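Written below as structure tokens is the structure these notes are about.
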Amino acid sequence: MIARETARRATPEELYLDLVKKCLTRLGFGETYHQVVPPKGTLMWALYAPARALFRSRDLRLVQRFPAEVRADGHDWPVDAETMIGIKRLDHLQDCAVDVLRSGTPGDLIETGVWRGGATILMRAVLKAYGDVSRVVWVADSFAGLPPPGPDAPESDRRERLWTFSQLAVPVEEVRRNFARYGLLDDQVRFLQGWFKDTLPEAPIERLALLRLDGDMYESTMVALQHLYPRLSKGGYAIIDDYGSVPGCRQAVDEYRAAHGITDPIQRVDDTCVFWQHARP
């Protein structure tokens, strides 16, 4: 992992980005949990009232605030927050983005599989903080959830049934609103809407300095690598969010690296996320 400087005063850019990360994760002020109580006399109320009584009798809560350490590590699915990847992975993403700016590594930044847009919002915030007006942040997602596994997908993808999780389908309009909430929706943010196999092959991207994959499944990961990794500049970063937690993702990465002779060492960000830096000539 890229070393973070700790024994000095934070710069204004770093202070801004730390605030953005606390907001994206809701670690700065918590989530706005609330209960919706059905109107009395309705069928929903008839079902709700016994459940409420049962929870009260056992001294349980129907709604419980998240533990901060769980959110910081990216181990829960937030109700409100724009990202579920946690502070450690956001810190690492910031480090990589700042490094390619400082080193002059050519290319744009992209995430494939954005959920509510949190990681790409941070990418855009980094460009804004450091005054970069030449690069684009690409936001690639179906905005309709994950596709069912294809015929070549490993059995692990079928077992996990991620394509059935409706909470992973976030409309593009909501992601746009999230960018706008942070004042970061502008011409340096471009959306690639659709299945990766349809959008990535012809995506109008010349070079990439930072490639972040969060497509969970085998095909989503493999398609992104096949069509985007050849555009990654020397010195750029490939970040794989699900390598340590989703077997299909790990299989796709290992197969692609082996097939293309990629020997840049894989380094861990945490127990889920890994990265490598594309070796310079």
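Of the residues Tyr256, Tyr243, Tyr218, Tyr237, which single one is among the hydroxyl-bearing types (Ser, Thr, Tyr) and under 23 Å from Phe143 (Cβ atoms)?
Being among the hydroxyl-bearing types (Ser, Thr, Tyr) and under 23 Å from Phe143 (Cβ atoms) holds for just one of Tyr256, Tyr243, Tyr218, Tyr237, which is Tyr218.
Of the residues that sit in region 159-217 and are within 21 Å of Arg250 (Cβ to Cβ) and acidic (Asp, Glu), which one is surrounded by the fewest Cβ atoms within 10 Å (Cβ to Cβ)?
Glu160
I'd like the residue in region 50-72 that is within 15 Å of Gly28 (Cα to Cα) and in a loop (DSSP other than H, G, I, E, B) and, out of all such residues, is modelled with the lowest pLDDT.
Arg65
Starting from residues that are modelled with pLDDT of 95 or more and touching a Cys at 6+ places or on another chain (Cβ under 7 Å), keep the ones in region 204-231 and report whichever is nearest to Leu127 (Cα to Cα).
Filtering first and then ranking leaves Leu210.
Out of Gly215, Gly244, Gly261, which single residue is free of Cβ contacts under 8 Å to residues at least 60 places away in the same chain and under 25 Å from Asp95 (Cα atoms)?
Gly244
What number of residues in region 224-237 are under 17 Å from the mean Cα position of the chain (by Cα) and outside any helix (DSSP H, G or I)?
1
Rundown of residues vs (1) closer than 27 Å to Ser103 by Cα; (2) touching a residue at least 24 places away in the same chain (Cβ under 8 Å); (3) of a type outside the set (Ser, Thr, Tyr), yes/no style:
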| position | (1), (2), (3) |
| --- | --- |
| Asn178 | no, yes, yes |
| Leu185 | yes, no, yes |
| Ile205 | yes, yes, yes |
| Ala209 | yes, yes, yes |
| Ala224 | yes, yes, yes |
| Ser233 | yes, yes, no |
| Ile239 | yes, yes, yes |
| Gly248 | no, yes, yes |
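With respect to Val100, determine if the residue is under 21 Å from Ala238 (Cα atoms) and touching a helix residue (DSSP H, G or I) at 6+ places or on another chain (Cβ under 8 Å).
no
So which residues in region 147-158 are surrounded by 13 or more Cβ atoms within 10 Å (Cβ to Cβ) and either of a type outside the set (Gly, Ala, Ser) or at pLDDT 95 or above (or both)?
Pro147, Pro148, Pro149, Pro154, Asp157, Arg158
Going by the conditions given, is Arg257 at pLDDT 95 or above and within 24 Å of Leu146 (Cα to Cα)?
yes
Only one residue in His34, His75 is assigned to a loop (DSSP other than H, G, I, E, B) and at pLDDT 70 or above. Which one?
Checking each option against the conditions leaves just His75.
Considering only region 260-277, how many residues are modelled with pLDDT of 95 or more, surrounded by fewer than 15 Cβ atoms within 10 Å (Cβ to Cβ) and of a type outside the set (Val, Ile, Thr)?
Final tally of qualifying residues: 6.
The values are calculated or read from the model by the stated rules, or taken from the named source; none is laboratory data. For clarity, every value in this text was computed on a predicted model and none was experimentally measured. Counting neighbours? That spans all protein chains shown, and the Cβs are built from the backbone with ideal geometry, glycine included.
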